[in-house]
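*Asks:* Supplied in C-alpha cells, the structure appears directly below.
Computed from the coordinates by the stated procedures, all read-outs in this text should not be read as laboratory data. The shown structure was predicted, so the numbers you read here are calculated from the model rather than taken from an experiment. Glycine also receives a Cβ, built like all others from the backbone with ideal geometry; neighbour counts cover every protein chain displayed.
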Amino acid sequence: MPLRKRDTAESMLIGHQVDLLYRSLSFSTGYKPNFEQLSDLFYQGARLVRIDKNGHNESMVVEDFIVDYKNNVLTGQIRSFQERELWRRIDHYASIAQVFSIFSLRMDNGPEQRGINSMQWIKRKETWRIFSLAWTEENPEMPISPAYQSTALRH
C-alpha cells in the first residue's frame, strides 16, 4: 500500500526530531552538548534503558540521564562525544511511532562503536517527543543484522 502524503509528512517530522537528538548529544572538544534541546526532545519522566552485551540493563529516567551526562562533561570525564546515524526505519500510526536507528559513536579518542537505538515517540500538540529509548552496542557475539542495513530502508 503506498504511503499517503500525511504519512510521508509525519515521517519527515519524526526524522527531523531524530536528527535533533543526535545533534544535541554530540559535541567536540572545547564545546558542550545542547542539554536544553536534549531535554525538550523527551517527555518528562521518559525511560532510557542501556542493554549491555551480556543482556543486563541499566534503566533511568531522562532527567537523571541528563544530570549524569552533564556532570561527566563538566568534570571532563567526557571531553568529546560524536554520535551519528547510519540508518533508520520509522513506523508510525496516528500519534505513536517506533524508530529503529543504527548509530556510530566515538567518545573522546576511543574506538568507533556501532549500536541500535529503539525509540518510541508520541505526538501531542503537533510535537513528537520520545516516550522511551532503549539502546545496545554491537558486539562480536551479536552483530547488527544486514536486514537493518538494507539500502531500501535508508532514510
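*Asks:* Using θ = phi - 60° and the Karplus curve 6.51 cos²θ - 1.76 cosθ + 1.60, what whole-Hz ³J(HN,Hα) does each residue of segment 8-18 get, with Gly and Pro shown as x?
*Replies:* Once θ is set to phi - 60°, the couplings for segment 8-18 become 5, 5, 5, 4, 5, 5, 5, x, 4, 5, 4 Hz.
*Asks:* Less than 13 Å Cβ to Cβ from E141, Lys/Arg counted +1 and Asp/Glu -1: what total charge do the surrounding residues give? Each step should come with its number before you reach the end.
*Replies:* Values: positive: K53; negative: D52, E137, E138.
Surrounding charge for E141 is -2.
*Asks:* Oh, and also: Using a cut-off of 12 Å between beta-carbons, work out the net charge of the residues near K32 (Lys and Arg +1, Asp and Glu -1, K32 not included). Before the final figure, lay out the partial values.
*Replies:* Details: positive: K70, R79; negative: E36.
So the environment of K32 carries a net charge of +1.
*Asks:* Would you please classify the overall shape of segment 80-126 from the alpha carbon gyration tensor, given that a ≥ b ≥ c denote the square roots of the eigenvalues, rounded means a/c under 1.5, and beyond that prolate means a/b larger than b/c while oblate covers the rest?
*Replies:* Values: a/c = 4.45, a/b = 2.47, b/c = 1.80.
It is prolate, given that a/c is not under 1.5 and a/b is the larger ratio.
*Asks:* What shape does segment 35-101 have by the C-alpha gyration tensor, where a ≥ b ≥ c are the square roots of the eigenvalues, rounded means a/c under 1.5, and otherwise prolate means a/b greater than b/c and oblate the rest?
*Replies:* Working: a/c = 1.62, a/b = 1.47, b/c = 1.10.
Note, shape of segment 35-101 comes out prolate.
*Asks:* Report the local net charge at N54: Lys and Arg +1, Asp and Glu -1, summed over other residues whose C-beta lies under 15 Å from its C-beta.
*Replies:* On the way: positive: R50, K53; negative: D52, E58, E137, E138, E141.
My count for the surroundings of N54 gives -3.
*Asks:* List the residues whose amide H sits under 5 Å from the amide H of E138, counting only those 5 or more places along or on another chain, with H placed 1.01 Å from N in the peptide plane.
*Replies:* Excluding prolines and chain starts, which carry no amide H, the hits are R114, G115, I116.
*Asks:* If you don't mind, another one. For the pair H56/K70, report the inter-label distance in nm, with labels modelled 7 Å from Cα in the Cβ direction.
*Replies:* 2.8
*Asks:* Shape verdict for segment 69-155, please, from the Cα gyration tensor: rounded (a/c under 1.5), prolate (a/b greater than b/c) or oblate. Walk me through the numbers before you get to the answer.
*Replies:* Numbers: a/c = 2.54, a/b = 1.26, b/c = 2.02.
It comes out oblate by the Cα gyration axes.
*Asks:* In sequence order, what are the phi-derived ³J(HN,Hα) couplings for segment 134-139 according to the Karplus relation 6.51 cos²θ - 1.76 cosθ + 1.60 with θ = phi - 60°, rounded to whole Hz, with x for glycine and proline?
*Replies:* 10, 9, 8, 8, 5, 8
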